[in-house]
């Protein structure tokens with residue numbers, strides 16, 4: 001029987017320091033590209049692809065997310081320690097409201113709908129989406145074995161023996177793997193400050209993670225003004241072409 005994913009958690013708590021001064025007044029998810037905010041575009045894609053249970057982990061300027069909550073019918077939880085913690089901590093705070101396997105998405109990505117399609121029907125319980133080379137100057141490199149089993153990731157290319165692809169920021173994860181990440185954070189305070197994807201590397205003794213690579217996937221992350229310029233001038237026009 002097909003085990004279709006119907007839940008997504010969007011990690012949106014961060015302050016977006018590298019995108020200031022814009023993020024003094026808005027969270028990164030409210031940055032506009034092509035006349036639409038990143039978060040609204042993402043919400044619409046998820047809903048079209050059958051993801052009806054959407055949960056957003058907020059922190060910085062969470063009231064803006066609350067302001068569109070009724071319009072887009074999603075649930076909110078808050079990381080009140082967002083200034084002193086990482087995205088892994090924001091993720092594990094969702095433990096009590098997650099009941100099934102789900103997607104993790106970052107709030108500051110611009111992507112084409114097939115990124116979601118690649119994961120929602122997948123048989124693998126834990127599946128990390130990767131793309132080909134982006135030349136974005138902020139890549140996270142993923143290493144997988146010949147069976148596409150995840151080994152490690154790093155922004156430092158020298159720490160990856162073989163580059164399989166680049167992290168997109170969309171992952172399918174099991175409820176059991178989430179529980180292991182929660183145990184990790186409860187056991188050692190240091191993990192509270194980690195990024196969620198780095199946390200995956202610490203639970204591979206209990207859970208297999210696989211990598212699904214789409215070489216020509218059109219997407220980008222928007223962390224700074226250079227990324228935003230690239231998104232508007234290069235990535236968004238490509239998305240319009242493919243629509």
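So which of 147, 223 ends up being in a loop (DSSP other than H, G, I, E, B) and within 30 Å of residue 36 (Cα to Cα)? Lay out the reasoning, then the answer.
Details: 147 fails: within 30 Å of residue 36 (Cα to Cα).
Just a single option satisfies the conditions, and that option is 223.
What are the pairs, 6+ residues apart or on separate chains, where a residue within the range 143-170 that is free of Cβ contacts under 8 Å to residues at least 60 places away in the same chain has its Cβ under 6 Å from a residue that is buried (at least 18 other Cβ atoms within 10 Å of the Cβ) and in a loop (DSSP other than H, G, I, E, B)?
From the range 143-170, the pairs are 143/164; 153/140; 155/140; 166/134; 166/139; 167/140.
Report the residue count in the range 202-214 for those that are buried (at least 18 other Cβ atoms within 10 Å of the Cβ) and in a loop (DSSP other than H, G, I, E, B).
Residues meeting the conditions: 3.
Being modelled with pLDDT of 95 or more and surrounded by fewer than 19 Cβ atoms within 10 Å (Cβ to Cβ) narrows it down to one of 96, 44, so name that one.
On the way: 96 fails: modelled with pLDDT of 95 or more.
Residue meeting the stated conditions: 44.
Picking from 217, 239, 178, 184, which residue would you name as being on the phi < 0 side of the Ramachandran plot, within 18 Å of the chain's Cα centre (by Cα), part of a helix (DSSP H, G or I) and crowded, with 17+ Cβ neighbours inside 10 Å?
178
Within the range 164-173, does at least one residue satisfy the condition of being surrounded by 16 or more Cβ atoms within 10 Å (Cβ to Cβ) and farther than 22 Å from residue 12 by Cβ? Show your work before the answer.
Pass one, the range 164-173, residues surrounded by 16 or more Cβ atoms within 10 Å (Cβ to Cβ): 164-173.
Add one more test, that the residue is farther than 22 Å from residue 12 by Cβ, and what stays is 164-165.
Yes, the range 164-173 has at least one match.
In this structure, is residue 129 within 15 Å of the chain's Cα centre (by Cα), closer than 20 Å to residue 109 by Cβ, surrounded by 22 or more Cβ atoms within 10 Å (Cβ to Cβ) and modelled with pLDDT of 95 or more? Spell out the reasoning first.
Numbers: within 15 Å of the chain's Cα centre (by Cα): yes; closer than 20 Å to residue 109 by Cβ: yes; surrounded by 22 or more Cβ atoms within 10 Å (Cβ to Cβ): yes; modelled with pLDDT of 95 or more: yes.
It is true that residue 129 is within 15 Å of the chain's Cα centre (by Cα), closer than 20 Å to residue 109 by Cβ, surrounded by 22 or more Cβ atoms within 10 Å (Cβ to Cβ) and modelled with pLDDT of 95 or more.
Would you point out the residue of the range 41-66, among those that are within 15 Å of the chain's Cα centre (by Cα) and free of Cβ contacts under 8 Å to residues at least 60 places away in the same chain, that is farthest from residue 105 (Cα to Cα)?
58
Within the range 135-143, identify whether any single residue is under 21 Å from residue 6 (Cβ atoms), modelled with pLDDT of 95 or more and over 15 Å from the mean Cα position of the chain (by Cα), and answer yes or no.
no
What is the residue count in the range 1-34 for residues that are touching a strand residue (DSSP E or B) at 6+ places or on another chain (Cβ under 8 Å), farther than 23 Å from residue 53 by Cβ and in a strand (DSSP E or B)?
The total comes to 1.
The values are calculated or read from the model by the stated rules, or taken from the named source; none is laboratory data. The shown structure was predicted, so the numbers you read here are calculated from the model rather than taken from an experiment. A quick note on method: Cβ atoms are made from the backbone with ideal geometry, for glycine too, and the neighbour counts reach across all protein chains shown.
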